[in-house]
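What follows is a set of notes on a single structure, which appears directly below.
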Amino acid sequence: MRRYRPYKNKIYICITPKRGVFKQKGPSFFVPAKRIYFYGDSAYNTHMSKERYIAHVDMDAFFAAIEQRDDPGLRGKPVIVGADPKGGKGRGVVSTCSYEARKFGIHSAMPISIAYRKCAHGIFLPVDAEKYSRVSHKMYDILYDFTPEIEPISIDEAFLDISASHHLFGGPQKLCQSIKSRIKDDIGLTASIGLAPTKMAAKIASDLKKPDGFVEVAEENLLDFLRPLDISKLWGLGAKSERLLRGMNINTVGDLAKMDINELEDLFGKNGAHFWNLANGIDEREVETACGAKSVSNEVTFDSDTSDKEKIEGALMLLCEKVSSRLRQDGLKGKTITLKIRLQGFYTFTRAVTVEVPNNFADVLYKEAKRLYNRFDTKGKRVRLVGVRVSNLFPASLQNSLFEKYTDKKIENIHKAVDKIKEKFGDTSIHRATQMEI
Ligand SMILES: [Mg+2]
């Protein structure tokens, strides 16, 4: 028998000693629950429920909406943010367009020349990456006020697992409404939210009543919600598989759900079972929070205390290389770079800086670490130890077309190559010119 009990304002899972799990009596047999799942009025008498509440938050026409917010003259007009159309001869694509532009059949990723043909009188604007990323950070700051369990998907889109925090905000629905109003009040933009027991359903739901929408799919309605959807909505189903299924007259998620799982496995191998599960509302995938690790760091103590600037900077470069390499190994990028510096006599200080765009490049880390070091006044004391820590971590896979400039990819590939060589020939095989033996 399992029960939840509030204990000192926290929720603990209580497992009775009869189960033989915990033999002690008293508070020690309350185990803190990482996640709590309960609904109803009382934490007492609630049964273990698998109920999950996943919210998918998606900003509406993000770039175009920011432009319209900042220039009232653009409101109510077809605004197309993306490449320069050059009178219909331009290359490149539409990044985002306003809802007014969508009425002309324009959509994201459409070649800009076609968009121009469809709506030559539209207002074409260049992508202001810096501005949009500033707004994005504000959006994420708001989301983190509601739960730490956030999986960033892109600059304007994220999954939130609110199973454990919704009760603090008056329930899952109220929490979602509060996010919407915070975004409206603090940033002046609208977001659409889908709330569902699974990630796929939440994502589909957020798209249904755009803009400024909120769609909830309750656990008991999940199958009814999925059934009429077109199979193209099913996650991970490629165009080839889709054609194959349509050829068999399987056009909706409901059609697919009724199929024999073995038949699907014959068709698609392991994926067959996965598709069948998704179609039947079985989607256990968790919201993958930014990362398990909170920070990645490295430090070094000098053989003897030193005030040799070149030696200290060389050490910082080496540390940045190591931290950068670890971050890339773990598929992480960070925003906050902290310099730790210990002076003779064991006085330890830290100085930190937070950069706009999360990254894991040794060059960037070094530039910031060096700047922090150069600003630090050692008051004539010698340095005993230096350390570099990167925190405020995000998954490197965060699809963020804005953050990923072409040059970044190039630098990343160089770093990867260096990592490979180091792996093969040891850590000392490749060094930058500024790195020194310490
Ligand atoms: Mg969006």
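Table: residues versus (1) within 28 Å of the chain's Cα centre (by Cα); (2) under 26 Å from A202 (Cβ atoms); (3) modelled with pLDDT of 90 or more; (4) among the small types (G, A, S).
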residue: D260; (1), (2), (3), (4): no, no, yes, no
residue: N271; (1), (2), (3), (4): yes, yes, no, no
residue: E284; (1), (2), (3), (4): yes, yes, no, no
residue: V287; (1), (2), (3), (4): yes, yes, no, no
residue: V300; (1), (2), (3), (4): no, no, yes, no
residue: K309; (1), (2), (3), (4): no, no, yes, no
residue: A315; (1), (2), (3), (4): no, no, yes, yes
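Take K210 and decide whether it is within 30 Å of V135 (Cα to Cα) and out of contact with any His (no Cβ under 6 Å at 6 or more places or on another chain). Considered against the rule, which asks whether it is within 30 Å of V135 (Cα to Cα) and out of contact with any His (no Cβ under 6 Å at 6 or more places or on another chain), K210 comes out as yes. Restricting the search to helices (runs of 4 or more DSSP H) fully inside region 58-148 and requiring at least 2 residues that are within 16 Å of the ligand (Cβ to nearest atom) and of a type in the set (A, V, I, L, M) gives 62-70, 129-144. The set of residues in region 371-413 being closer than 30 Å to V94 by Cβ and either at pLDDT 75 or above or β-branched (V, I, T) (or both) consists of F394, T407, I411.
Within region 165-212, the residues that satisfy the criterion of being closer than 28 Å to R69 by Cβ, free of Cβ contacts under 8 Å to residues at least 24 places away in the same chain and out of contact with any Gly (no Cβ under 8 Å at 6 or more places or on another chain) are F169, K174, S181, K184, D185, K209.
Return only the number of the condition from (1) touching a helix residue (DSSP H, G or I) at 6+ places or on another chain (Cβ under 9 Å); (2) closer than 23 Å to S136 by Cβ that P72 does not satisfy. Looking at each condition in turn, P72 falls short on (1).
Scanning region 44-92 for residues that are at pLDDT below 95 and hydroxyl-bearing (S, T, Y), we see that the one that is farthest from K199 (Cα to Cα) is Y44. Quick check on K367: is it basic (K, R), modelled with pLDDT under 90 and either surrounded by fewer than 18 Cβ atoms within 10 Å (Cβ to Cβ) or over 21 Å from L316 (Cβ atoms) (or both)? No.
Could you tell me which residue of region 295-319 is surrounded by the fewest Cβ atoms within 10 Å (Cβ to Cβ), considering only residues that are of a type in the set (A, V, I, L, M, F, W, C) and under 18 Å from T378 (Cβ atoms)?
Here is the first cut: in region 295-319, the ones of a type in the set (A, V, I, L, M, F, W, C) are 296, 300, 302, 312, 315-319.
Subsequent filtering for residues that are under 18 Å from T378 (Cβ atoms) retains 300, 302, 312, 315-316, 319.
Values: V300: 14, F302: 17, I312: 22, A315: 27, L316: 25, L319: 26.
Selected residue: V300.
Contact map, region 144-155: first residue under 11 Å from V287 (Cα atoms) and of a type in the set (A, V, I, L, M), second residue within 13 Å of the ligand (Cβ to nearest atom) and in a loop (DSSP other than H, G, I, E, B), Cβ cut-off under 9 Å, separation 6 or more or different chains; pairs are I153/Q399.
Does F268 satisfy the criteria of being in contact with a His (Cβ under 9 Å, 6 or more places away or on another chain) and aromatic (F, W, Y)? Walk me through it before giving the result.
Values: in contact with a His (Cβ under 9 Å, 6 or more places away or on another chain): yes; aromatic (F, W, Y): yes.
Here the answer is yes, as F268 does meet what is asked.
Within region 151-188, the residues that satisfy the criterion of being within 16 Å of the ligand (Cβ to nearest atom), of a type in the set (A, V, I, L, M) and within 17 Å of K203 (Cα to Cα) are I153, I155, A158, L160, I179. When region 198-231 is filtered for residues that are more than 24 Å from S136 (Cβ to Cβ) and under 19 Å from the mean Cα position of the chain (by Cα), the ones remaining, listed by number, are T198, A201.
The values are calculated or read from the model by the stated rules, or taken from the named source; none is laboratory data. Bear in mind the structure is a predicted one, so any value in this text is a computation, not a measurement. Backbone-built Cβ (ideal geometry, glycine too); neighbour counts: all protein chains shown.
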